[in-house]
Every structure is written in structure tokens, then in C-alpha cells.
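Student: Pasting in a structure now, in C-alpha cells, and then I'll have a few things to ask.
The values are calculated or read from the model by the stated rules, or taken from the named source; none is laboratory data. These numbers come from a predicted model, not from an experiment. Note that each Cβ is placed from the backbone with ideal geometry, even for glycine, and that neighbours are counted across all protein chains shown.
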Amino acid sequence: MEWAEEAHETALRALKEETGLYADIGPLLGAQSKWFDERTSDAGQRPLALRLIFGVRNCVGELNGDFRDDDTTVGAAWFTIEDVQQLNRVEVVDFGLSVVFKENTSIRPPAKRSYSGICN
């Protein structure tokens, strides 16, 4: 989040920066927090990640495939729910999926995976 930025503005900016897409940011669907080990911080402090999951509509644009100058995004791609089950996912992805499936009970969530190490 940038200084003086509202949460939905952060979501819109991050969506554009990390995927190249635009969307109408909808309601907050869920929140997750996680403390990380101080060894993972450049400042030597225990950083807190606060992850907000928003609903979106009217998603448009061309999905970005070039992340050479981005230190937070490895890639972006479209997947079917079935394909997501086969992915090696980080914890926040499973959290986001669980929130979405609570909102839309006609879709079955992918199987949970176990995690090792620190994910962000």
C-alpha cells in the first residue's frame, strides 16, 4: 500500500502493475495476516503481511507476460479450476480460493496442498 492510498485503490494499482489488467474492484471478501521471521526482512524486523481479497468484475486488458523488472511477481496466467489443482501454490492462493468458493458454492475448490518454507 502506498501512503494515503485506500485499500481498493491499492488493489486496482497492484492488479494493473502485476498483471496488466484493469477491473472494477468490488467488495472485500476476506483478509489474512501472517507474521514472517525477522531473518526474511531487510530491516531485521518481523514483517507482517496483510492480504486483502477483493471481488472484481469487468476484468479487461492484456495479461502481462514480462516481469523482468518486477521483484514481487514471477508470472501471471489464466488457469481453469481443474488446472489449479495441479499447481504448486503458495498459501495465500489457497486462502483466496477458499474465499471465492464461499461466495460461489457452485464451484468446487481445489484440493489443499502442504507447504514448506516461507511463502509470501
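Student: Just give me the residues in the stretch 57-91 being touching a helix residue (DSSP H, G or I) at 6+ places or on another chain (Cβ under 9 Å), of a type in the set (A, V, I, L, M, F, W, C) and farther than 11 Å from LEU21 by Cα, in sequence order. Don't jump to the end; show me each part of the working.
Tutor: Going residue by residue through the stretch 57-91, those that are touching a helix residue (DSSP H, G or I) at 6+ places or on another chain (Cβ under 9 Å) are 59, 61, 63-64, 67, 70, 72-73, 76, 81, 84, 87, 89.
With the extra rule that they be of a type in the set (A, V, I, L, M, F, W, C), the set shrinks to 59, 63, 67, 76, 81, 84, 87.
Once the filter is applied, which keeps residues that are touching a helix residue (DSSP H, G or I) at 6+ places or on another chain (Cβ under 9 Å), of a type in the set (A, V, I, L, M, F, W, C) and farther than 11 Å from LEU21 by Cα, the stretch 57-91 yields PHE67, ILE81, VAL84, LEU87.
Student: Looking only at residues in the stretch 25-61 that are surrounded by fewer than 13 Cβ atoms within 10 Å (Cβ to Cβ), over 13 Å from the mean Cα position of the chain (by Cα) and at pLDDT 80 or above, which one is farthest from LYS102 (Cα to Cα)?
Tutor: Top of the filtered list is GLY61.
Student: Looking only at residues in the stretch 1-15 that are surrounded by 13 or more Cβ atoms within 10 Å (Cβ to Cβ) and either touching a strand residue (DSSP E or B) at 6+ places or on another chain (Cβ under 6 Å) or among the aliphatic types (A, V, I, L, M) (or both), which one is nearest to GLY65 (Cα to Cα)? Outline the logic, then answer.
Tutor: Residues of the stretch 1-15 surrounded by 13 or more Cβ atoms within 10 Å (Cβ to Cβ): 1, 7-15.
Retained after the next criterion (residues that are either touching a strand residue (DSSP E or B) at 6+ places or on another chain (Cβ under 6 Å) or among the aliphatic types (A, V, I, L, M) (or both)): 1, 7-8, 11-12, 14-15.
Working: MET1: 23, ALA7: 25, HIS8: 24, ALA11: 19, LEU12: 18, ALA14: 15, LEU15: 13 Å.
Ranking the candidates gives LEU15 first.
Student: Please go through the stretch 74-120 and pick out each residue that is at pLDDT 70 or above and among the β-branched types (Val, Ile, Thr). Let's see the steps before the verdict.
Tutor: Of the residues in the stretch 74-120, the ones at pLDDT 70 or above are 74-102.
Correct list: VAL74, THR80, ILE81, VAL84, VAL90, VAL92, VAL93, VAL99, VAL100.
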